[in-house]
Amino acid sequence: MTAWVPSDALGRRILCGTEFATVRYVGSVPPTAGIWLGVEWDDPQRGKHNGTHEGTQYFKCRHPRGGSFIRPNKANFGVDFLTAVKDRYGLNDKQDVHHGKESTLVFGKKTVEFVGMDSIIEQQRQLNQLVDISVHECAVSHADQKEEISRTCANIRHINLSKNLISSWETVTDIASQVQNLETLNISENKMKFPSTSVSVSSVFLKLRILALNQTEITWTEVLLCAPGWPALEELYLTSNNITVLERPENVLQTLKLLDLSDNQLLDGNQLHLIAHLPRLEQLILRNTGISSIHFPDAGFGFKTKMFPSLKRLAINDNKISQWSSINELDKLPSLCSLQCHNNPLMDTEKNPETLRQLIIAKIGQLGVLNKSEILPAERKGAELDYRKIFGNDWIAAGGHWNPERNRPSEEFLAAHPRYPSLCLKYGAPEEGELKRQQPLTLKNQLLTLTIKCPDKPEQKPLEKKLPDSMTIQRVKGLLYRLLKIPGSELKLSYESSKLEGKEVELDNDLKPLQFYSIENGDCVLVRW
């Protein structure tokens, strides 16, 4: 008996066992009899050839060994959306509904039992109440009969359709057109065809706010062609799509607040200029995008860029940024308050991660969160005072002076330290006498081993910490805010020593180093707030 092959099999997504593939050929393969499907596997290791058999090329593959021929009865062409929903939530038609027979309904972890024909009515009612539906990896391939979804699941607002057998954007539209109040849609991990011409504005995605298209092989051009159909979209996730080139969105994506382009190898950092004028974009995620530099050429030292006017949160982890100039450029963003920048070559320029953090804080004036850790006022003040002092001699050598009439730092210095003039205005310009007393930041033979206690908080266990004796009280406070997770209140520090039994010495000058107070190894720092 010949297995059934859908009339639109060519280009369809299928499952063969647990392996995903795309049908590239339907027909005979002489000298064998019968119909064969030529498939290109998602995992090329599963294949045997490139679509060629005995000298004849039946189809093409991206990978030289990514193809195979299989019989149609080995291919699972998937199920309709509603069948998948009923199977997923224990509501399929195979349940025993004879009078007196028990049947169960499963919602997440909750199981409800019903008896007899009443269960069908109750199941239908429960299905109609579903708001958030997940049919992840349920082999969904098509929509079902017209209006069946809207009649059965009238209240759906959120759908997870990831890792299914959806072959085209048209199928997504067929499903979504039956969901009037759709707000969230995840169709990641579906390799599908997208429109090649602009999509007209329709009511299908009128209320859609969140859309995930990760690992769908969509291009940025295709995103822009579909975007007129997403008039209210606020969050767009496009990770792992081989997007290399961006184009400027014209009259589309203007409502977007979050854009995730992670794991796409962008051609260069200048590609970002093409999306820099999205007026409401607040969060941009660019993890592992291959960018090596960031530059906003429209603004000079000490000025704000007109690009990314609303951007508050930026993630540039796992990239190739190696120059401090890119960090300097981020200070030009007018709204930036949160930055993630782990795993860039720049992070290897300083051996001490604490010093690295202080430098970034000092360079970006409005930053409130760095690598998911809040920057409290005491830490910012300490970082900026240290920065002003560390580079003070360079500033003087470059023509800087405490007297405004003689203060002419070079362009080269200002390019490397664009925030330095504003730090001088904030804290006063450093004087030569102050800079001569500068101590090295961290030397092993200057480390003090101190016990840290909170006498008013008995539940807080004592800590032992090694700190350089050149560390200012301001920086010690910044460290303690993070270590002890203290809310933004004023810290009061003092210390006890075995040499001063029964006495506490107050650490009352934020600008003085630990060595100023003659603190020694084994002494105890007391923290109150």
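The values are calculated or read from the model by the stated rules, or taken from the named source; none is laboratory data. Remember, it's a predicted structure, so these values are computed and weren't measured experimentally. Methodologically, a virtual Cβ is constructed for each residue, glycine included, from the backbone with ideal geometry; neighbour enumeration extends over all protein chains shown. Each accessible area value is taken on the protein alone, full model and side chains, heavy atoms only, with ligands, DNA and RNA left out. Shrake-Rupley method; radii C 1.70, N 1.55, O 1.52, S 1.80 Å.
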Q: Look at GLY27 and say whether it is surrounded by fewer than 18 Cβ atoms within 10 Å (Cβ to Cβ), within 30 Å of VAL172 (Cβ to Cβ) and either in contact with a Pro (Cβ under 8 Å, 6 or more places away or on another chain) or free of Cβ contacts under 8 Å to residues at least 60 places away in the same chain (or both).
A: yes
Q) Regarding SER497, is this residue polar (S, T, N, Q), farther than 24 Å from GLU374 by Cα and in contact with a strand residue (DSSP E or B) (Cβ under 8 Å, 6 or more places away or on another chain)? A) yes
Q: Quick one: which residue in SER262, SER292 is open to solvent by less than 30 Å² (accessible area, probe 1.4 Å), assigned to a loop (DSSP other than H, G, I, E, B) and modelled with pLDDT of 95 or more?
A: SER262
(Q) Return the pair list, or none, for Cβ contacts closer than 7 Å from residues in region 4-21 that are under 13 Å from ARG71 (Cβ atoms) to residues that are surrounded by fewer than 18 Cβ atoms within 10 Å (Cβ to Cβ) and aliphatic (A, V, I, L, M), at least 6 apart or on different chains. (A) VAL5/ILE35; CYS16/ILE70
Q: Quick one: count up the residues across region 199-233 that are crowded, with 19+ Cβ neighbours inside 10 Å, closer than 15 Å to LEU278 by Cβ and not hydrophobic (A, V, I, L, M, F, W, C).
A: 0
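Results for (1) under 25 Å from THR239 (Cα atoms); (2) in the same structural domain as GLU490 (by the TED database); (3) hydrophobic (A, V, I, L, M, F, W, C); (4) under 17 Å from the mean Cα position of the chain (by Cα), shown as yes or no for each residue.
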site: SER335; (1), (2), (3), (4): yes, no, no, no
site: ASN344; (1), (2), (3), (4): yes, no, no, yes
site: GLN358; (1), (2), (3), (4): no, no, no, no
site: LYS363; (1), (2), (3), (4): no, no, no, no
site: GLN366; (1), (2), (3), (4): no, no, no, no
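Of these, ALA378, ALA362, ALA299, ALA383, which one is aliphatic (A, V, I, L, M) and either open to solvent by 50 Å² or more (accessible area, probe 1.4 Å) or part of a loop (DSSP other than H, G, I, E, B) (or both)?
One residue alone meets the criteria, ALA299.
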(Q) Looking at ASP144, ASP118 in this structure, which one is open to solvent by 50 Å² or more (accessible area, probe 1.4 Å) and modelled with pLDDT under 95? (A) ASP118
Q | Output for region 401-413, where each listed residue is open to solvent by 60 Å² or more (accessible area, probe 1.4 Å) and in contact (Cβ under 8 Å) with a residue 24 or more places away in the chain | A | TRP402
Q: Please verify whether region 495-510 includes one or more residues that are under 24 Å from PRO377 (Cα atoms), under 34 Å from the mean Cα position of the chain (by Cα) and either modelled with pLDDT of 85 or more or part of a loop (DSSP other than H, G, I, E, B) (or both).
A: no
Q.
Can you tell me how many residues within region 206-228 are within 24 Å of the chain's Cα centre (by Cα) and over 14 Å from SER168 (Cβ atoms)?
A. 14
**Q.** Failed criterion for LYS351 (all others in (1) among the basic types (Lys, Arg); (2) outside any helix (DSSP H, G or I); (3) in contact (Cβ under 8 Å) with a residue 24 or more places away in the chain; (4) out of contact with any Pro (no Cβ under 9 Å at 6 or more places or on another chain) hold)
**A.** (3)
Q: Residue by residue through region 386-400, note down the ones that are open to solvent by less than 20 Å² (accessible area, probe 1.4 Å) and more than 26 Å from LEU336 (Cα to Cα).
A: GLY392, TRP395, GLY400
Q) Which condition number does SER203 fail, the rest of (1) under 29 Å from PRO6 (Cα atoms); (2) free of Cβ contacts under 8 Å to residues at least 12 places away in the same chain being met? A) (1)
Q) Does region 440-458 contain at least one residue that is assigned to a loop (DSSP other than H, G, I, E, B), open to solvent by 60 Å² or more (accessible area, probe 1.4 Å), modelled with pLDDT under 85 and in contact with a Pro (Cβ under 6 Å, 6 or more places away or on another chain)? A) yes
Q. Restricting to region 147-166, what's the tally of residues that are open to solvent by less than 20 Å² (accessible area, probe 1.4 Å), modelled with pLDDT of 95 or more and either of a type outside the set (Val, Ile, Thr) or in a strand (DSSP E or B) (or both)?
A. 5
Q) Across region 167-198, what is the total count of residues that are buried (at least 21 other Cβ atoms within 10 Å of the Cβ) and in a helix (DSSP H, G or I)? A) 5
